[in-house]
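Take a look at the structure below.
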Amino acid sequence: MDLFEYQARDLFAKHGVPVLAGEVIDTPEAAREATERLGGKSVVKAQVKVGGRGKAGGVKLAADPDEAVARATDILGMDIKGHTVHKVMIAELSPEIEAEYYVSYLLDRTNRTFLAMASVQGGMDIEEVAEKTPEALAKVPVNAVEGVDIEKAREIVAQAKFPADVAEKVAEAMVTLWDTFVAEDALLVEVNPLVKTKDGRILALDGKVSLDANADFRQPEHEALEDKDAANPLEAAAKAKGLNYVKLDGEVGIIGNGAGLVMSTLDVVAYAGENHGGVKPANFLDIGGGASAEVMANGLEIILGDTDVKSVFVNVFGGITACDEVANGIVQALELLASKGEKVEKPLVVRLDGNNAELGRKILSDANHPLVQRVDTMDGAADKAAELAAAK
């Protein structure tokens, strides 16, 4: 889960990373009050989870409370790269800046470790720095057990060639940033820029944090950080039901057991769709190892609630969960939805293979539901689902 800047700033402050004061607001008039509390001047910053805010006009200085109201009025509701601005942060005006730096920690999946990155060339696109002057970006592996103490932080700072007059303060900031990274179960914490002010302070002026959703079970407070305004309603409903669902731009609803199988299903449906008017998968939905009637009903309810969906492809390879259980789950799910008054009108194509596949197929045939079509091969089922979607 990616956080807004103001949320990242709050986590930084919680763990001792030096930041400036700020408040998040969602009305222009609130910008006046926030600016007054900050001494009469402020920076009005659009809160969107995308870069390039400044170039898009989403970051403005306000010399007084009235100007803060005007700036907030301009920015609220603005579209920045497809993201609507619902909130702005009213931030304390920074003291005069002498230098801008870059620091971050992230999960390095390729090398199966954590990685610290630091550069004395901050305040710009770090990818551009890495591409044009890779020697300016220090990359230091971090042992997960040993972590980052002050000695390790000094090593990172030395490799990045920070000036001697700020090296120790930057190292101290790197320690607190690591504390944030670990304590919050983050995949990324980034400060750009980390600035040196004329009065000698080191401050995190802007930051990014991405949290690991797999750690939500031990981070219950992270639920409050979710962006309810931007959340897709279908994804939110699926999450509430404990389903692993991602909305896509297509017409064929997908249900499968196991992420690998579902990903393969997306591919075969997309390929089959090329022969049927370019229809595409409408979603990713992994029901996991259990395919009870309730789980299947929840999955179908989510997918059938998507107005873009014209047909549904249920693709299951029986393993620990046998295909007869899945077939019974599908039949019971349709009965359950009907009993709840849910009108099922979209065709379902079901492909079963693996453990007890023959028995599962027989259960579907015996049920003889008018909307369920059984196809025994993955390619054939994908083609049928695409054909049915194109015909709608």
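The values are calculated or read from the model by the stated rules, or taken from the named source; none is laboratory data. All values reported here derive from a predicted model rather than from experimental measurement. With ideal geometry, Cβ positions are generated from the backbone for all residues, glycine too; neighbour counts draw on all protein chains shown.
Structure summary
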{"quantity": "Hits in segment 108-128 (condition: surrounded by 16 or more Cβ atoms within 10 Å (Cβ to Cβ) and farther than 13 Å from ALA160 by Cα)", "calculated": "PHE114, LEU115, GLY123, ILE126"}
{"quantity": "Helices (runs of 4 or more DSSP H) wholly inside segment 275-392 that include at least 3 residues being without any contact (Cβ under 8 Å) to a residue 60 or more places away in the chain and under 24 Å from ALA259 (Cβ atoms)", "calculated": "293-304, 323-339"}
{"quantity": "Residues located in segment 54-69, provided they are surrounded by 17 or more Cβ atoms within 10 Å (Cβ to Cβ) and closer than 17 Å to ILE25 by Cα", "calculated": "GLY58, VAL59, LYS60, ALA62, PRO65, GLU67, ALA68, VAL69"}
{"quantity": "Residue check for GLY299: farther than 24 Å from PRO233 by Cα and of a type outside the set (Asp, Glu)", "calculated": "no"}
{"quantity": "One residue from GLU168, GLU146, GLU151, GLU190 being crowded, with 17+ Cβ neighbours inside 10 Å and either assigned by TED's automatic domain parsing to the domain that holds SER104 or outside any helix (DSSP H, G or I) (or both)", "calculated": "GLU190"}
{"quantity": "Strands (runs of 3 or more DSSP E) contained in segment 42-105 and holding at least 2 residues out of contact with any strand residue (DSSP E or B) (no Cβ under 6 Å at 6 or more places or on another chain), modelled with pLDDT under 95 and in the same structural domain as LYS198 (by TED's automatic domain parsing)", "calculated": "none"}
